[in-house]
Amino acid sequence: MSRIAARFAALRRAGRGALIPFLEAFDPDAETSAALLRGMPDAGADLIEIGVPFTDPMADGPIIQAAGRRALAAGATLRATLGMVQDFRAADGETPVILMGYLNPILSYGPEPFARNAAASGVDGLIVVDLPAEEAELLIPHANANGLDIIRLVAPTTDNARLPKVLAGSSGFVYYVSITGITGTRTASISELAANIPRIRRISDLPIAVGFGVKTPAQAAEVVSIADAAVVASALIATLAASLDENGRAPPGAAARVLDDVRALAAGVRGARRAA
């Protein structure tokens, strides 16, 4: 059983949903992002999503775009991100780690060596934002051969006829994009979630995580009353960005402020009661 499947199984037994916080690798520097990654499990993260910086992040809003620019300026690469995960695994062998990014860096690296090296580094799952279902065979065989989950994105506009095709070959969990548009621009509607999550469950028995519009502990709690996990990204990046000095550097305590937000989100999620 993969780390992702084992974690969701344990959470089901405990009767609660999951918190999946996000960090951008190397934002604003390698040391700060590594400190965030190390601190997130103790702060209440059940799984962790790491953004791989890319020059053309088409799904990301201004907050995560800015994080990516800071990270690239700090020397972020796909290979360096895998090294960051490998360092994390030296101390934590249990918390699932998912990389979220774009196809171009994987193609430049090579899909087969990337999948092999990602697994060896301790990565558990991959979210490739711009990998359409029709081209998933570029990566799925290599991911499967190395025990990596391919986590597919489902949007509110994904209709019932297309859902099975989008989810074919997926594993780990389903990432439901709760809004139409880019990250961090508006808030998820609980009524829309209540309408859309059940139709995904009719197609797939994978856990469902909701992202792209979850910002507060209260919203995270609402999400896990309907779905299986809440993903929080832009709100955490915004907290980090607000703590940077005038030169964009992280002062002492910057990571701690973000981890305080993770604790508050975790308290919201753990206080929620999952719907039957």
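The values are calculated or read from the model by the stated rules, or taken from the named source; none is laboratory data. Quick caveat: nothing in here was measured; it's all calculated off a predicted structure. All Cβ positions, glycine included, derive from the backbone under ideal geometry; neighbour counts span all protein chains shown.
Just a few scattered comments:
- Candidates P141, P156, P111 - the one that is touching a His at 6+ places or on another chain (Cβ under 6 Å), more than 21 Å from F26 (Cα to Cα) and not hydroxyl-bearing (S, T, Y): P111
- Against the numbered list (1) in contact with an Asp or Glu (Cβ under 7 Å, 6 or more places away or on another chain); (2) under 25 Å from S170 (Cα atoms); (3) of a type outside the set (S, T, Y), V52 comes up short only at (1).
- Selection status of P53, at pLDDT below 95 and closer than 27 Å to S243 by Cα: no
- Qualifying helices (runs of 4 or more DSSP H) (wholly inside segment 215-276; at least 3 residues being farther than 22 Å from V174 by Cβ, over 17 Å from the mean Cα position of the chain (by Cα) and touching a residue at least 60 places away in the same chain (Cβ under 8 Å)): 254-271
- Scanning segment 106-118 finds no residues that are within 16 Å of the chain's Cα centre (by Cα) and hydroxyl-bearing (S, T, Y).
- Count - residues of segment 1-34 that are in a helix (DSSP H, G or I), small (G, A, S) and farther than 16 Å from I151 by Cα: 6
- Scanning segment 188-246 for residues that are among the charged types (D, E, K, R), under 22 Å from A264 (Cβ atoms) and touching a Ser or Thr at 6+ places or on another chain (Cβ under 8 Å) returns a single hit, K215.
- For segment 61-79, the condition holds for no residue, the condition being that it is under 16 Å from the mean Cα position of the chain (by Cα), among the charged types (D, E, K, R) and over 20 Å from D130 (Cα atoms).
- Scanning segment 190-243 for residues that are within 18 Å of D159 (Cα to Cα), in contact with a helix residue (DSSP H, G or I) (Cβ under 9 Å, 6 or more places away or on another chain) and hydroxyl-bearing (S, T, Y) turns up just one, S204.
- Total residues in segment 43-70 satisfying the condition of being outside any loop (DSSP other than H, G, I, E, B), free of Cβ contacts under 8 Å to residues at least 60 places away in the same chain and among the charged types (D, E, K, R): the figure is 1.
- Some residue of segment 250-272 being at pLDDT 95 or above, over 27 Å from P207 (Cβ atoms) and touching a Lys or Arg at 6+ places or on another chain (Cβ under 6 Å): no
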